[in-house]
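The values are calculated or read from the model by the stated rules, or taken from the named source; none is laboratory data. These figures come from a predicted structure and were not determined experimentally. Because the Cβ atoms are built from the backbone with ideal geometry, glycine has one as well, and the counts that use them run over all protein chains shown.
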Amino acid sequence: MPRPMLRTPQQSQTQANNILSAVNHDQQQKQQPIDKMKLDRLLRQPRSKAYMDAVRQLDAGGHVHNQARVNEIMDVIRSELPEAALSGILLGYVAVCYLGKPYEVHTLDVTGGIIEHYQTGQILPNGMEKARSIALRGGYEFIEVYTDCCRAISSNGKVSVITC
Amino acid sequence: MAERIIEQADLRTIENNLGAIHGDLKTIDSNVGEVNHNVKVVYDEIGNLAKEFHDFVSIQQRANRLGQAETRLVKIRQELDKKYGHYDVVRRTTTGILQADDLGIVKKETISTATEEMMIETPNYWLAPCLVALAAWINDRPELAERALKEGIKRNDEKTSLFFALICRRADRKKACLKWTQRYLANQDEENLDRKCIIILDAFASGLLGADSEGVVSRQMSEWLENLSDKPGFIEQQTKQWSEAINMKRKPVDASSYTYLKKYSQTWPALQDILEGANLHAEILEYFSNIFAQEASTATVKVQLDEILTSLVSDYDDEELPLRKEEKFEQFVVDFGGDEDRARQNMQIEQTAFDTHKDFTQLLTDAAMKPESSHSSVSTQKFAIALSRDWVSDAYNDIIAQNRMKIPHEIEINVDTFNDKTTDGQNETELLTKFGVLVDAEKADALSKCVLSGFEKFCLIGGAVIAGLGAGMMIAGSIFMGLIAVIAGIGMVINHFSKKKSLASTREEIEKKFEDKRVKGSEIIRAVLAEVVDFRSEFAEKDGESQLVIDFLEQITPEQYVRKLADSNRRIRL
């Protein structure tokens with residue numbers, strides 16, 4: 001059984017409470033947008049080669065049944081992206097699938113740590129469908145799908161943000 | 001009985017009286033109309049009178065206000081003269097010294113004596129010690145110059161620094177000029193730069209203030225950028241600001257090459273939008289390349305710098321401002337013949353014209369993308385783009401991605417009742433087969449409705465039977481009834497054949513109509529698919545030009561565009 005990829009929401013809550021225990025509720029609310037901006041700035045940074053290589057391997061095939069390999073990829077992702085990005089706002093990855101027809105795109109669902117290949121006409125789950133078109137036609141290496149936006153990653157690691 | 005009484009009654013008197021009443025009423029009506037007219041005239045007269053009265057009051061009020069303004073002007077000017085009259089002397093002396101020094105026709109001692117007297121007569125005014133320092137400098141007395149400068153800086157650091165930066169530029173002492181400029185800039189709030197500061201930055205970018213080989217001014221700008229970047233939301237705001245400025249350059253696309261797509265695809269609006277977005281790359285590349293290809297002229301900036309120096313030594317000091325504003329307002333009142341509203345309006349216009357404040361990065365965006373309205377020189381445009389390169393690049397990458405996000409993977413084809421999709425226009429055979437099947441089905445459906453009804457079918461046999469029976473009846477002797485039956489029977493048979501013939505013609509028409517639809521529809525589908533292929537290819541080509549813009553931005557460095565900075569090893573770190 002794959003080990004949990006993320007802390008459970010309850011654990012995150014406990015941690016948040018510990019950090020913010022000294023500030024009142026209003027301050028917590030004010031702090032949120034600033035934290036979001038900091039996070040956005042961090043996520044604007046170009047991605048490292050190790051990270052790019054790891055995400056590229058999603059299409060190497062065989063990982064659907066090889067959870068250990070998926071876990072390795074998830075470890076690289078976890079070391080690259082800030083924890084905050086992974087805890088809830090990053091939904092997953094969408095990239096063009098090179099397995100050939102009828103497969104069109106593949107996805108990595110970060111919450112479940114599952115790689116799946118999708119055929120033409122199959123709808124991508126968990127809000128990842130919005131990135132299908134740009135993954136297919138945008139010419140990017142892959143698309144990181146977030147709750148409020150998509151980040152298109154070029155082959156040189158450069159990040160482009162698309163609010164959606 | 002009653003009818004008779006009525007017949008006999010003579011109603012002529014009543015009729016005559018009613019006629020008379022009607023006539024009277026008419027007269028009354030016309031009289032009322034006349035009264036009404038008269039009342040209107042009276043109202044108009046009163047209205048005119050009221051207007052004249054109001055005009056009179058207004059003229060009187062203005063005349064009073066004019067008199068009041070003239071008296072106030074005298075008082076204000078007296079007060080100004082009493083309080084700050086000696087400032088004017090300093091200002092005139094400074095202008096005089098600058099001109100005299102330019103011409104070299106006044107003895108150095110005279111300048112010294114004049115300035116030292118000024119110093120004594122005008123305590124607290126920043127220009128007085130500056131004047132002493134200037135005279136000491138002309139007389140080559142560094143110690144005195146230094147002491148006077150210290151006092152000037154103490155009284156007003158910003159103005160003293162700007163004054164000496166401009167003086168040093170005129171004297172072609174560029175190293176000192178840069179140091180003074182840096183000192184002046186350090187006194188500025190990067191979130192609230194005024195027009196003077198904008199011109200100074202323009203001059204710096206044009207290289208008029210000298211080569212920043214030690215990076216003094218560049219460091220100041222880096223510091224501003226660092227301060228601004230630390231502010232929450234600043235970088236996001238920058239990216240947004242640049243995105244908006246870049247998107248302003250979008251132009252409507254020429255759709256003449258895609259007539260079929262425009263007509264037969266519901267996806268066309270999305271296609272038009274992304275093609276417009278892709279065309280932007282060539283526009284922007286041309287725009288940026290043009291800026292960097294242009295030779296900069298410094299003539300205008302030089303004039304502007306001299307204007308700043310003139311205004312610095314001739315404009316009023318901050319402490320004089322309230323009275324000066326009052327004076328200006330009263331002067332406007334006098335100019336407009338006592339009209340306070342117009343005076344207030346003019347005051348407002350005059351203030352906003354000079355009160356242009358911008359933050360440093362807004363200044364950079366405006367200079368780069370709106371040179372006409374921001375009156376920035378080509379050098380500043382280059383410098384602004386170079387200094388904002390990373391933000392422009394981020395914004396541009398986002399614009400590209402946002403446009404690509406809108407690329408429809410499948411393009412709809414809507415020809416009459418046929419609605420299908422294509423991705424790249426390669427599925428012609430598949431679509432034509434589908435279309436053929438649809439046309440066949442529609443034709444079959446139309447034909448299936450085009451058959452003889454039960455009665456019409458019955459007419460053939462029924463008619464023959466009835467006609468036969470009729471013939472039998474005629475033979476049997478019932479000639480009349482038999483004849484009718486024979487005619488009816490023949491009529492039914494004729495009806496059957498006529499309906500059959502008409503149906504055959506309708507079916508032929510249906511066949512023809514659907515064949516026509518098949519041929520024309522297939523042609524349209526082929527044309528739409530051909531345009532889809534062209535569109536995808538044109539879009540890919542135009543979209544690919546985005547890389548040229550990114551590459552262009554990548555090779556820009558800020559210091560490259562500050563003139564004479566080529567030897568500098570320092571870099572502005574963004």
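Can you find, within the range B:206-226, the residue that is nearest to the other protein chains (Cβ to nearest Cβ) among those that are touching a Lys or Arg at 6+ places or on another chain (Cβ under 7 Å) and assigned to a loop (DSSP other than H, G, I, E, B)?
Checked the range B:206-226; the qualifying residue nearest to the other protein chains (Cβ to nearest Cβ) is B:Gly215.
When the range B:132-146 is examined, which residues are found to be within 53 Å of the chain's Cα centre (by Cα) and not acidic (Asp, Glu)?
B:Val132, B:Ala133, B:Leu134, B:Ala135, B:Trp137, B:Ile138, B:Ala145
Checking the condition surrounded by fewer than 22 Cβ atoms within 10 Å (Cβ to Cβ) and at pLDDT 85 or above, which residue from B:Glu372, B:Glu340, B:Glu350 passes?
Unique residue meeting the criteria: B:Glu340.
Just wondering, is there one or more residues in the range B:289-296 that are in contact with a helix residue (DSSP H, G or I) (Cβ under 9 Å, 6 or more places away or on another chain), without any contact (Cβ under 8 Å) to a residue 24 or more places away in the chain, over 30 Å from B:Arg92 (Cα atoms) and not basic (Lys, Arg)?
No, every residue in the range B:289-296 fails to be in contact with a helix residue (DSSP H, G or I) (Cβ under 9 Å, 6 or more places away or on another chain), without any contact (Cβ under 8 Å) to a residue 24 or more places away in the chain, over 30 Å from B:Arg92 (Cα atoms) and not basic (Lys, Arg).
Output the strands (runs of 3 or more DSSP E) that fall wholly within the range A:90-164 and possess 3 or more residues being crowded, with 19+ Cβ neighbours inside 10 Å and at the interface with chain B (Cβ under 9 Å from one of its Cβ atoms), or say none.
A:149-153, A:159-163
Checking B:Gly472 against (1) small (Gly, Ala, Ser); (2) touching a Phe, Trp or Tyr at 6+ places or on another chain (Cβ under 7 Å); (3) without any contact (Cβ under 8 Å) to a residue 24 or more places away in the chain, only one condition comes out false. Which one?
In the conditions (1) small (Gly, Ala, Ser); (2) touching a Phe, Trp or Tyr at 6+ places or on another chain (Cβ under 7 Å); (3) without any contact (Cβ under 8 Å) to a residue 24 or more places away in the chain, B:Gly472 misses (2) alone.
List the number of the failed condition for B:Met405; all other conditions in (1) without any contact (Cβ under 8 Å) to a residue 24 or more places away in the chain; (2) surrounded by fewer than 19 Cβ atoms within 10 Å (Cβ to Cβ) hold.
All conditions pass for B:Met405, except number (2).
The conditions are (1) without any contact (Cβ under 8 Å) to a residue 24 or more places away in the chain; (2) within 30 Å of B:Ala395 (Cβ to Cβ), and A:Gln57 fails exactly one of them. Which is it?
Only one criterion is unmet by A:Gln57, namely (2).
Which condition number does B:Asp398 fail, the rest of (1) modelled with pLDDT of 80 or more; (2) more than 14 Å from chain A (Cβ to nearest Cβ); (3) buried (at least 18 other Cβ atoms within 10 Å of the Cβ) being met?
Condition (2) is where B:Asp398 drops out.
Checking B:Glu430 against (1) more than 21 Å from B:Phe539 (Cβ to Cβ); (2) touching a Phe, Trp or Tyr at 6+ places or on another chain (Cβ under 7 Å), only one condition comes out false. Which one?
So the condition that B:Glu430 fails would be (2).
I'm checking my understanding of the structure. Among residues of the range B:411-458 that are of a type in the set (Asp, Glu) and surrounded by 14 or more Cβ atoms within 10 Å (Cβ to Cβ), which one is nearest to the other protein chains (Cβ to nearest Cβ)?
B:Asp424
Consider the range A:24-61. How many of its residues are polar (S, T, N, Q) and modelled with pLDDT of 80 or more?
3
In the range B:227-258, what residues are within 30 Å of B:Val532 (Cβ to Cβ) and either assigned to a helix (DSSP H, G or I) or within 11 Å of chain A (Cβ to nearest Cβ) (or both)?
Answer for the range B:227-258, where residues must be within 30 Å of B:Val532 (Cβ to Cβ) and either assigned to a helix (DSSP H, G or I) or within 11 Å of chain A (Cβ to nearest Cβ) (or both): B:Ser243, B:Ile246, B:Asn247, B:Ser256, B:Ser257, B:Tyr258.
With respect to B:Met481, is the statement that it is in a helix (DSSP H, G or I) and surrounded by 16 or more Cβ atoms within 10 Å (Cβ to Cβ) true?
Against the criterion (in a helix (DSSP H, G or I) and surrounded by 16 or more Cβ atoms within 10 Å (Cβ to Cβ)), B:Met481 does not qualify.
Conditions: (1) within 14 Å of chain A (Cβ to nearest Cβ); (2) surrounded by 23 or more Cβ atoms within 10 Å (Cβ to Cβ). B:Ile385 meets all but one. Number of the miss?
It fails just one condition, (1).
Kindly check whether there is at least one residue in the range B:169-181 that is surrounded by fewer than 19 Cβ atoms within 10 Å (Cβ to Cβ), within 14 Å of another protein chain (Cβ to nearest Cβ) and either assigned to a helix (DSSP H, G or I) or in contact (Cβ under 8 Å) with a residue 40 or more places away in the chain (or both).
No, the range B:169-181 contains no residue that is surrounded by fewer than 19 Cβ atoms within 10 Å (Cβ to Cβ), within 14 Å of another protein chain (Cβ to nearest Cβ) and either assigned to a helix (DSSP H, G or I) or in contact (Cβ under 8 Å) with a residue 40 or more places away in the chain (or both).
Quick one: which helices (runs of 4 or more DSSP H) sit completely within the range B:324-398 and have at least 1 residues that are of a type in the set (Val, Ile, Thr) and closer than 30 Å to B:Phe292 by Cβ?
Filter on the range B:324-398 gives B:360-369, B:378-387.
Which condition does B:Ile105 not pass, out of (1) closer than 25 Å to B:Gln304 by Cα; (2) not in a helix (DSSP H, G or I), if it passes all the others?
So B:Ile105 meets the others, but not (1).
I'd like the full set of residues that are exposed (fewer than 11 other Cβ atoms within 10 Å of the Cβ) and either under 17 Å from B:Gly338 (Cβ atoms) or within 43 Å of the chain's Cα centre (by Cα) (or both), limited to the range B:52-73.
Listed by number, the residues that qualify are B:His54, B:Asp55, B:Phe56, B:Val57.
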